[in-house]
Amino acid sequence: MSVGSYVRRFWQFYVMLLFPILFFGLFKYGPMYGIIIAFKDYSIFQGMWTSPWNGLETFRNVFAMHTFTVAFRNTFLLNLLDLLVSFPAPIILALMLNEVRQKWTKKVFQTVMYFPHFVSWVIIGGLFLQIFATNTGIINQLLSSAGYDSIPFLTNKYWWLITYLAAGVWQSVGWGTIIYLAALTGINKELYEAAETDGAGRMRRMWHITLPGIRPTIIILFILAIGEMPRIGFERPFILGNAMVSDFSEVLSTFVYKVGLQTGEFSTATAVGLFQSVIALVFLLSANAISKKSAGQGII
């Protein structure tokens, strides 16, 4: 079958494919020409093309900034802790739900757990403020009424770090669980029956059948998580953070926001964004290469 006849036969699929191609072309690849202002002394009055070139001077200035160093450190710190805490949580939860025999119970738990994924971080931030605020939070009010001291969940940087990680787990664990539960459906049920016949208990079946069955999914999601290490979402640290915990809450995304939009240093903000993208690409390719050599599984 020639290419032309194949396209004519399945033209509906190509029409459907046209929309994501247009989306990525217009909103992902199209704006990439704007990275040239990272190499220019950009002025909004002179415009992007007529602003003078300054080579790598913007990057030198960025790397010399103390606030950038703090934001860069915090980005990796928070992402590393998220990787250690949030990444295994949905795996554990999926393994536990897989052992639940009553279907309605499993469906109720799934619905309750993945609902937070669809809740805006603005709403989550307000909810956590109502629950964990030092003076007005529900938990601290209960502690005070019981005669205990208040816990500065949102004003002490170490308590804030715990609260930040807990919010991330609560918001993402349900969605990650769905992915792993979908992977679990591909495991041959006869393997469980054979293992049970041989006298293997639940833990042994889980260790020798379930985990190896979802290992490719775990590896792919781990590679993607490693690739996101230099990058971090804007909403969560910005909404949960405050001036008292800026030693931990100031990350590259909030740094770009403050430098780019609040102070108008667009060249600096673009340079930081480009630096993040390059480092993320290096991490992604490195994690993929290591995964291929060690486990024979990769995404590229």
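Some observations on this one:
- Value of relative contact order over the chain, rounded to a whole percent, pairs C-alpha under 8 Å and six or more apart: 24
- Heavy atoms of His66: accessible area, 1.4 Å probe, square angstrom to 10: 140
- The order of the peptides 78-90, 119-131 by mean Cβ neighbours within 10 Å, most packed first, is 78-90, 119-131.
- Close Lys pairs in the chain, defined as Cα atoms under 23 Å apart and 8 or more places apart or on different chains, number 7.
- Over the chain, dividing the summed -39,500 (n - 2.57) contributions of all DSSP H runs of at least 4 residues by the number of residues returns a 222 nm mean residue ellipticity of -19500 deg cm²/dmol.
- Listed candidates (i) 1.21; (ii) 0.99; (iii) 1.26 - label of the one calculated as Cα Rg over 2.2 N^0.38 Å: (iii)
- Within the accessible area of the chain (1.4 Å probe), percent carbon and sulfur: 68
- Per-residue SASA entry for Tyr42, accessible area with 1.4 Å probe, Å² rounded to 10: 60
The values are calculated or read from the model by the stated rules, or taken from the named source; none is laboratory data. All of these numbers come straight from a predicted model, not from anything done at the bench. Please note: Cβ atoms are built from the backbone with ideal geometry, for glycine as well, and neighbour counts cover all protein chains shown. Side chains are part of the model used for accessible areas, which takes the heavy atoms of the whole protein and leaves out ligands, DNA and RNA. Shrake-Rupley method; radii C 1.70, N 1.55, O 1.52, S 1.80 Å.
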